[in-house]
Structure formats: C-alpha cells, structure tokens
C-alpha cells in the first residue's frame with residue numbers, strides 16, 4: 001500500500017516553501033534540493049497553484065511561495081485533494097465488478113480503516129511537520145532550514 | 001492509495017472458503033465466482049498455503065479449504081502478511097533518498113496514520129466479514145452462501 005509520488009512530492013514542496021517563506025522559490029531548486037524529478041514537480045506545482053495553496057510569480061526572478069500560513073494547511077486536506085483516489089480494493093472504485101459487494105462486510109471495515117487513516121492527518125497542519133521530528137524535538141525547523149542552506 | 005490486487009484476492013478467497021467450509025473448493029470455481037484472473041489467484045493460493053491458513057489436497061477431486069476457523073484469522077494478520085509493503089512515502093522504503101528524513105516530522109505522522117489503519121483491521125476476523133454487511137445485518141452469511149449457489 002503506497003501513496004502516489006504526487007502526494008509525496010506535494011508534501012515536500014509545501015514543506016520547502018514553508019521553510020523558505022522569506023523569498024520566492026523555483027521548481028528547479030526544489031527538485032535539486034530533494035534530488036527528484038523536475039517534470040513531476042511541475043505537475044504538482046500546477047495542482048497546488050490551482051488549489052490556491054501556493055502562488056506563482058512569472059518572469060525573471062519569479063517563482064512561488066505559500067499562499068496560506070503553514071498552520072492553515074491541513075495535512076488531511078493535502079492528502080485527500082492531491083492523492084488521485086483511495087480505492088483500497090475493487091469495491092471502492094467505479095469499475096467494481098465484485099459479485100458479493102452487496103453482502104460483504106469487508107467494505108465497511110475498509111472504510112473504517114481509511115477514515116482512521118485520514119483522521120490522523122486531520123489532527124496536523126503543515127506547521128506540525130516543521131515543528132516536530134521523530135524524536136519530538138522542536139529544533140527541527142531550524143535543522144531543516146540549515147540543511148537547505 | 002490502493003492495496004495490491006493480491007490482498008484483495010486473498011480476502012475474497014478466504015471469504016469464499018469460509019462460506020464453503022463443508023467441501024473442497026478449486027481455484028477455477030473461485031475465479032469464476034468472482035470473475036477474476038485464475039493465474040493471479042494461483043499465486044495467492046500458494047502464499048496462503050505456505051502461511052498454513054489454507055490446506056490443499058492434490059489429485060482428482062482435490063482442492064483447498066481453510067486450515068483455521070474463520071474467527072482465528074485476523075484481518076490485520078492477512079493485510080500485514082499478504083500486502084507486499086506499506087511504503088506510503090519514500091522515507092518508508094529501503095531505497096529512501098529524501099534528504100531531510102532526519103529532521104522531517106511527516107514520517108512520524110504517516111506512521112501514526114498507518115498504525116491507526118492496521119489497528120482497525122486488528123479488531124476483526126474473517127468471521128466478521130461474513131456476519132456483517134454495510135447495513136449491519138446478520139443475515140449476510142446466508143445471503144453470500146445463497147449467492148454462490
């Protein structure tokens with residue numbers, strides 16, 4: 001079970017922009033910082049701009065920045081919007097042909113598990129990614145800033 | 001975000017065998033009942049037999065049956081064992097190259113969400129899929145049996 005690369009990259013891009021809130025950032029520098037594909041990032045940028053989570057400035061010296069404060073971007077909103085679908089098993093999709101869907105108890109259990117999964121992200125915003133690391137330290141923001149320097 | 005077809009088919013196969021506990025079943029009939037790929041099911045069968053959740057009888061009149069009672073098969077155990085991996089984002093895998101893993105707070109939040117997801121399945125066994133449907137009726141088992149007849 002995996003999230004798509006798109007969602008992974010969306011999180012990384014938002015994180016990068018939050019850390020560099022004092023200036024415009026380019027796709028090229030973000031791709032370089034994470035060593036990831038620039039064309040993939042372009043697609044993500046397009047989507048995040050459409051959602052008005054980031055704003056882009058064209059031309060020389062242009063780039064992008066967050067259009068909202070990090071504590072206004074819910075991680076649940078990111079994952080629900082950017083991930084193409086949550087069709088865990090066939091009966092979650094529109095092309096469902098499973099013959100026992102009507103009687104099977106698995107669908108409801110899958111939905112309960114999915115709700116619990118999304119529910120976890122609903123407790124956090126982009127700011128939480130910056131402020132906490134695996135050890136629970138509050139120094140992460142500074143460490144990430146320094147790392148990207 | 002999707003589970004692999006393998007996990008979907010494992011659940012369906014276990015369900016089918018639980019419903020037909022009075023006799024041996026063949027891969028061919030299960031594939032036909034769900035209108036799914038026989039070669040895919042064969043791989044699933046092999047894995048479930050290795051795990052000793054099902055037992056197979058070779059030869060003419062052979063087939064397979066559950067090797068445990070439905071209430072002894074935890075849905076969490078199925079999903080954790082059959083699903084190849086839970087590498088939600090790059091930093092969950094062995095080939096992780098994300099440069100900020102050490103400082104990023106997202107990994108811990110992803111893990112929390114994954115634990116909540118798996119935790120839901122831990123509350124249920126194969127018997128629960130048979131006994132409950134989306135409407136919470138206890139008549140599902142009978143309906144599924146009749147459907148497959």
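Read-outs throughout are calculated quantities, based only on the coordinates presented, and are distinct from any laboratory measurement. Here the structure is a predicted model, which is why all the values come from computation and not from measurement. Because the Cβ atoms are built from the backbone with ideal geometry, glycine has one as well, and the counts that use them run over all protein chains shown.
See the values below:
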| item | result |
| --- | --- |
| Per-copy distances of the residue B:77 label point, shortest first, in nm (7 angstrom along Cα→Cβ) | 4.3 |
| Whether region A:84-125 is rounded, prolate or oblate, judged on the alpha carbon gyration tensor where a/c under 1.5 counts as rounded | oblate |
| Computed label-point distance, nm, for sites residue B:112 and residue A:40 using a 7 Å Cα→Cβ extension | 2.6 nm |
| When chain A is reduced to its Cα atoms, the Kirkwood hydrodynamic radius in Å | 17.1 Å |
| Rounded, prolate or oblate (a/c below 1.5 giving rounded, otherwise prolate when a/b exceeds b/c) for the protein assembly as shown by Cα gyration tensor | prolate |
| Spin-label model distance (nm) - residue A:81 vs residue B:55, 7 Å beyond Cα toward Cβ | 5.6 nm |
| Cβ-vector label at 7 Å, residue B:59, separations to other copies in nm | 8.5 |
| A:2, A:58 arranged by Cβ crowding within 10 Å, fewest neighbours leading | A:58, A:2 |
| Over region B:52-133 - Rg/Rh using Cα atoms and the Kirkwood inverse-distance radius | 1.17 |
| Span from the region A:4-55 Cα centroid across to the region A:64-105 one, whole angstrom | 20 Å |
| Position residue A:146, label points 7 Å along Cα→Cβ, spacing to each other copy in nm (shortest first, one decimal) | 6.9 |
| C-alpha long axis of helix A:38-50 to longest principal axis of chain A, angle in ° | 80 degrees |
| A:43, B:60 arranged by Cβ crowding within 10 Å, fewest neighbours leading | B:60, A:43 |
| For chain A, calculated [θ]222 nm from helices alone, where every DSSP H run of n ≥ 4 adds -39500 (n - 2.57) | -15000 deg cm²/dmol |
| Among B:18, B:31, B:113, residue whose mean-square fluctuation peaks in a GNM of chain B (springs only between Cα atoms under 10 Å) | B:113 |
| For A:72, B:90, order by how many other beta-carbon atoms lie within 10 Å, fewest first | A:72, B:90 |
